[in-house]
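Below: one structure, written as structure tokens.
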Amino acid sequence: MSENEPVKTNGVDGKLISAVAYFGVIGLIFALVLSKQNKNELVLFHLKQAAGLSALVVCLILCFFILIPISIIIPFLFIIVFPVIGIIYLGVLVFFIMGILNAVNENMNYLPIIGKKSDVFFAKYIN
């Protein structure tokens, strides 16, 4: 095997594991299991980024379900808050796409806004 060839373990390389991590919570769990066999810097980096995005999505879903009963009481809140939440969800979708593209291209670029925070926070859990 030459130095330029990617390291493969059981037929799964780091690019694939890194990309799978961005496919929701189930993809993240699947990638965590696969990363036990193939620990490299690229996989660990993208696992932390994907974990940060998944945590953000869970927080947004909780906010959404908390705001639904409040918006029934205060209809004006519905008009203002829900379009903002929709725009935030669209931004998170863009972050997921950026993460997948970074993983496939083997780039280790932090995602905007949450990337560095995810790396610091999940460093103690994903290593």
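All of the numbers you see were taken from the coordinates with simple rules; none came from a lab. Computed from a prediction, not measured in an experiment: that's the story for all the values here. So basically every Cβ, Gly included, is an ideal-geometry build from the backbone, and we count neighbours across all protein chains shown.
So the values come out like this:
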| read-out | value |
| --- | --- |
| Label-point separation in nm, Ile79 to Leu67, each point 7 Å along Cα→Cβ | 1.6 nm |
| Count of lysine pairs in the chain with Cα separation under 19 Å (8 or more residues apart, or interchain) | 13 |
| With eigenvalues of the C-alpha gyration tensor scaled by 5 and rooted, the chain, Å | 35, 13, 11 |
| Per-bin percent of Cα-Cα distances, the stretch 40-104 [10 Å] | 19, 39, 24, 13, 4, 0 |
| Added length on full extension, which subtracts the Cα-Cα distance from 0.36 nm per residue, Tyr89 to Ile113 | 7.2 nm |
| Paramagnetic label zone (point 7 Å from Cα along Cα-to-C-beta, Asn127; backbone N under 17 Å) in the stretch 20-58 | 36, 39-49 |
| Most to least packed among 97-104, 82-89 [average Cβ atoms within 10 Å] | 97-104, 82-89 |
| Nearest-ten-degree value, helix 41-73 long axis tilted from longest Cα axis of the chain | 10 degrees |
| Alpha-carbon Rg/Rh ratio, for the stretch 84-127, with Rh computed the Kirkwood way | 1.03 |
